[in-house]
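Presented below is the structure to which this report refers.
The values are calculated or read from the model by the stated rules, or taken from the named source; none is laboratory data. Remember, it's a predicted structure, so these values are computed and weren't measured experimentally. In this analysis, Cβ positions are derived from the backbone assuming ideal geometry, glycine residues included, and neighbour counts consider all displayed protein chains. Accessible surface is based on the protein model in full, side chains and every heavy atom, while ligands, DNA and RNA are left aside. Shrake-Rupley method; radii C 1.70, N 1.55, O 1.52, S 1.80 Å.
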Amino acid sequence: DDDNLLSVMKQGQPRRIDGFPAAHFHTCDELESELREAGLDRVLSEGIEGFGEGVEVLEGRDESVTEAMLVLAERLAAVPGAKDTSNHLMAWGRRPAAG
């Protein structure tokens, strides 16, 4: 609903909707920061679907659409915040070497 969408945009916090739990929607920067706070280093993150969510359900296979999506993905990779447009984020890091 519009009120819930407005809440997400303002605060990043939705109300519980149709069985979907209320949650905080991280940005990649927030997620990376939490991993660093947990003691990991070499932290990186990525958007799983990216801006192209839904393209996979288009009817038929159109190589020009695939090529355009690849060009956009390559160009957007360096744009700050572009990863945050993905519906799902992944972050990883490693424990510092002992010593």
Taking only pairs six or more apart or across chains, which ones have beta-carbon atoms under 9 Å, a first residue in the stretch 74-93 that is in contact (Cβ under 8 Å) with a residue 60 or more places away in the chain, and a second residue that is of a type in the set (S, T, N, Q) and open to solvent by less than 80 Å² (accessible area, probe 1.4 Å)? LEU89/THR27; LEU89/SER45; ALA91/SER45
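Filter the stretch 18-39 down to residues that are hydrophobic (A, V, I, L, M, F, W, C) and assigned to a helix (DSSP H, G or I) and give me whichever is modelled with the highest pLDDT.
So in the stretch 18-39, the residues hydrophobic (A, V, I, L, M, F, W, C) come out as 20, 22-23, 25, 28, 31, 35, 38.
Among the residues that remain, those that are also assigned to a helix (DSSP H, G or I) are: 28, 31, 35.
Details: CYS28: 92, LEU31: 94, LEU35: 97.
Checked the stretch 18-39; the qualifying residue modelled with the highest pLDDT is LEU35.
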Residues that are modelled with pLDDT under 80, β-branched (Val, Ile, Thr) and surrounded by fewer than 14 Cβ atoms within 10 Å (Cβ to Cβ): does the stretch 43-60 have at least one? yes
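If you check GLU74 against the conditions, is it among the acidic types (Asp, Glu) and under 10 Å from the mean Cα position of the chain (by Cα)?
Values: among the acidic types (Asp, Glu): yes; under 10 Å from the mean Cα position of the chain (by Cα): no.
No.
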Of the residues in the stretch 2-17 that are open to solvent by 60 Å² or more (accessible area, probe 1.4 Å) and out of contact with any helix residue (DSSP H, G or I) (no Cβ under 7 Å at 6 or more places or on another chain), the one that is modelled with the lowest pLDDT is ARG16
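Just for the stretch 62-99: of the residues that are of a type in the set (Lys, Arg) and part of a helix (DSSP H, G or I), which one is most open to solvent (accessible area, probe 1.4 Å)?
Just the residues of the stretch 62-99 that are of a type in the set (Lys, Arg), to begin with: 75, 83, 94-95.
Restricting the remaining residues to those that are part of a helix (DSSP H, G or I) gives 75, 83.
On the way: ARG75: 177, LYS83: 67 Å².
Result: ARG75.
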